[in-house]
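K.L.:
Input: one structure, supplied below.
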Amino acid sequence: MTSVETAAEHERILREIESTDTNCIGPTLRCYQLPVSKKKKEEKKKKNNKENQEEKKKEEKKKNNNKDMNEENQEKEKKKNKSVYDGQEHGLFMENLDVRIRNHDREIEKMCNHHFQGFVDSITELLKVRGEAQKLKSQVTETNRHLQDDGKELMGSMEELQKCRVQQRNMASTIDKLSHCLPVLEMYSRLQEQMRTKRYYPALRTLEQLEHTCLPRAGQYRFCSIMAENSPKLRTQIRDTAMTQLRDFLESIRKHSDKIGETAIRQAQTGTDMEARGSNSG
């Protein structure tokens, strides 16, 4: 191989090195970047998958056509590489290769320093945020404790208020029921007093008013039911007592009818005499 071909081959190899991704040069020369967001990772992953699928399709199409050409190119590449390492320009090639490697190392170091400084700044800011978060957590805990203490007092007051409201509602209901029951009791007491004094006609009117007016308003109470059940008995008792007294009165009149007639005639005669005397004196 001539010197011109050797120099061209050296340039080709150096161009391949320059075009190679710096992340793939070696494990000691890789640049570690900061993690990207999840969304960007997914987009990048989808893009890479799509590109890989397209490349696979292209490779499958060219696989059969380029099989023989690849074998020939591999043979040529082996011969060229052998000529590079066996030729006289091997030392010059290695020097150029070392220069390119040092240049790549400097670029990689700059890139790593740039991203490392950002990483350090992010960690510092994160530590500050953690301190503020701890302070905020302490404040929230203290506020929650005060709120719980105040809430206990408020709950106690609310329970007392609820009990008072229940008592107030019960008292109002009791007063309303008593306002309907008291007229019934007063009317029944009046009925008993009228029966005791033998005023039977007013007692019948009171009993009728009690049955048709007071008892329906009072509601379904036990004493109201007892009064309603005893009303016919009371009416019968009043009727029997009144009839007994009437019969006794009539019998007494029949027994003393002679005396009554004599007394009536005497009083009538006395009245007539007094009228006659008055007319004579006039």
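The values are calculated or read from the model by the stated rules, or taken from the named source; none is laboratory data. Note that this is a predicted model, so its numbers are computed, not measured. Cβ sites come from the backbone with ideal geometry, for glycine too, and all protein chains shown count toward neighbours.
K.L.:
Looking at region 178-193, I want the residues that are under 12 Å from Leu207 (Cα atoms) and have a partner that is among the basic types (Lys, Arg) and assigned to a helix (DSSP H, G or I) with Cβ atoms under 9 Å, at least 6 apart or on another chain. Which pairs are those?
P.N.:
Final answer for the pair search is Val184/Arg217.
K.L.:
Moving on to the next point. Hey, does region 108-118 have a residue that's touching a helix residue (DSSP H, G or I) at 6+ places or on another chain (Cβ under 7 Å) and either modelled with pLDDT under 90 or surrounded by fewer than 11 Cβ atoms within 10 Å (Cβ to Cβ) (or both)? Talk me through it step by step, then tell me what you get.
P.N.:
Here is the first cut: in region 108-118, the ones touching a helix residue (DSSP H, G or I) at 6+ places or on another chain (Cβ under 7 Å) are 108.
Narrowing further to those that are either modelled with pLDDT under 90 or surrounded by fewer than 11 Cβ atoms within 10 Å (Cβ to Cβ) (or both): 108.
Yes: region 108-118 contains one or more residues that are touching a helix residue (DSSP H, G or I) at 6+ places or on another chain (Cβ under 7 Å) and either modelled with pLDDT under 90 or surrounded by fewer than 11 Cβ atoms within 10 Å (Cβ to Cβ) (or both).
K.L.:
Give me a count of the residues in region 167-199 that are of a type in the set (Gly, Ala, Ser) and either closer than 30 Å to Ile238 by Cα or in contact with a strand residue (DSSP E or B) (Cβ under 9 Å, 6 or more places away or on another chain) (or both).
P.N.:
Counting residues in region 167-199 that are of a type in the set (Gly, Ala, Ser) and either closer than 30 Å to Ile238 by Cα or in contact with a strand residue (DSSP E or B) (Cβ under 9 Å, 6 or more places away or on another chain) (or both) gives 2.
K.L.:
Pull out all pairs, ordered by first then second residue, where Cβ-Cβ is under 7 Å, the residues are six or more apart or on different chains, the first lies in region 214-228 and is free of Cβ contacts under 8 Å to residues at least 12 places away in the same chain, and the second is in a loop (DSSP other than H, G, I, E, B).
P.N.:
Correct list of pairs: empty, since none qualify.
K.L.:
Still on this structure: Within region 241-256, does at least one residue satisfy the condition of being modelled with pLDDT under 75, more than 60 Å from the chain's Cα centre (by Cα), among the basic types (Lys, Arg) and in a helix (DSSP H, G or I)? Steps first, please.
P.N.:
Taking region 241-256 first, the residues modelled with pLDDT under 75 are 256.
Retained after the next criterion (residues that are more than 60 Å from the chain's Cα centre (by Cα)): 256.
Going one step further and asking which of them are among the basic types (Lys, Arg), we end up with none.
No, region 241-256 contains no residue that is modelled with pLDDT under 75, more than 60 Å from the chain's Cα centre (by Cα), among the basic types (Lys, Arg) and in a helix (DSSP H, G or I).
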